[in-house]
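The values are calculated or read from the model by the stated rules, or taken from the named source; none is laboratory data. In this text the structure is predicted, and so the values were computed from the model without any measurement. Here the Cβ is made from the backbone with ideal geometry for all residues, glycine too, and neighbour counts use every protein chain on show.
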Amino acid sequence: MKKYILYLLLLKKIIYISLYPYIKDKSRISHTIKLGMENYLIFQPAKFRATKVNRNLLKKFQTVRFMTLDGARLFAWFVPPQENKPTIIYFHGQAESILMHQNIVEFGLKNGYGVFLLSYRGHYRSWGIPSEAGVYRDAETALDWLEREAKIKAKDIILWGHSLGTTIAANTALNNKVKALILQSPITDIETAAKDMAKFYIRKIRILPKITKFVQKHMNDIHFIQKFDTINKISKIKCPIFLCHSKVDKVAPSKNSRALYERNINAQLFLSDKGSHWDSAWCMDKIADFIKNLR
């Protein structure tokens, strides 16, 4: 049943992609419609790939509820750091939730790091409608909560983003004096990511050549209102940066990390010969080494 639901969601994506270029955003209504279509295509909170919470972790993290200035009620998991250890704010990717990244909690507990797994607005147990401006505000509010409620300063916080979450992590690092920034399987901007994702799905539906050609044609005509343009922000980020990417990533190609690496002299780059876009086992040891070597 889930398989057919996912096919229906994919069909909805194709319809949106097909219609999007024909909607001119000269009027406020058209602009609102395009933003709504974008937010569906970009975020898609995970509802059909729910994962149960590991019983061994249940009593090891705190559940946190807090509100943004624009009224979004957010949810997060929080593990306080051990003495003199940094705290990681983790930003998950598209069509995911914090449930799918319980290994980050385990990583923090193993190393004594604090961990704050943020659930963006509209995602797992958080209210509101996600958008670029909205998730940026969610991240800033999370940073503020840690400083105000947990007494953890920005200079002791590491921002760790995965996939789409790297754009949120990078934007937050640009506007705050944090300890470091980790970008795992990053995208450079949303339009490039959309084209890469289209190629990924095209490989999945080779039995429908007419549809795939139609999608390919229209992807070149799509220019999103929202940008998520890490490629234009990364050169201005002052903190240490660690980029890690699998060379065999079929969703976001490793050229993304190479392009970002070339734009910041503070960046380190690790490219792995193995690993997938959604897996993180291939880079955990390297990330642990990066954090340990931070001043």
Quiz item: Taking the range 64-87 as the search range and keeping residues that are over 16 Å from Asp138 (Cβ atoms) and of a type outside the set (D, E, K, R), which one is surrounded by the fewest Cβ atoms within 10 Å (Cβ to Cβ)?
Solution: Asn84
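Each row is one residue, and each column tells you yes or no for (1) over 30 Å from Ile33 (Cα atoms); (2) at pLDDT 95 or above.
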{"site": "Pro209", "(1), (2)": "no, no"}
{"site": "Lys233", "(1), (2)": "no, yes"}
{"site": "Pro240", "(1), (2)": "yes, yes"}
{"site": "Val251", "(1), (2)": "no, no"}
Practice problem: Restricting attention to the range 77-118, report how many residues are free of Cβ contacts under 8 Å to residues at least 40 places away in the same chain and touching a Ser or Thr at 6+ places or on another chain (Cβ under 6 Å). | Solution: 2
Practice problem: Please enumerate the residues belonging to the range 117-140 that are more than 19 Å from Pro45 (Cα to Cα) and either crowded, with 20+ Cβ neighbours inside 10 Å or touching a Cys at 6+ places or on another chain (Cβ under 9 Å) (or both). | Solution: none
Quiz item: Applying the selection to the range 1-51, what residues are aromatic (Phe, Trp, Tyr), at pLDDT below 80 and in a helix (DSSP H, G or I)?
Solution: Tyr4, Tyr7
Practice problem: Only one of these is in contact with a strand residue (DSSP E or B) (Cβ under 7 Å, 6 or more places away or on another chain), within 20 Å of Lys236 (Cα to Cα) and part of a helix (DSSP H, G or I): Ala133, Ala170, Ala142. Name it. | Solution: Ala170
Exercise. Working carefully through the options Ala259, Ala288, find the one that is part of a helix (DSSP H, G or I), out of contact with any strand residue (DSSP E or B) (no Cβ under 7 Å at 6 or more places or on another chain) and buried (at least 16 other Cβ atoms within 10 Å of the Cβ).
Key: Ala259
Quiz item: Can you tell me which residue in the range 262-277 is surrounded by the fewest Cβ atoms within 10 Å (Cβ to Cβ), limited to those that are in a loop (DSSP other than H, G, I, E, B) and in contact (Cβ under 8 Å) with a residue 12 or more places away in the chain?
Solution: Asp273
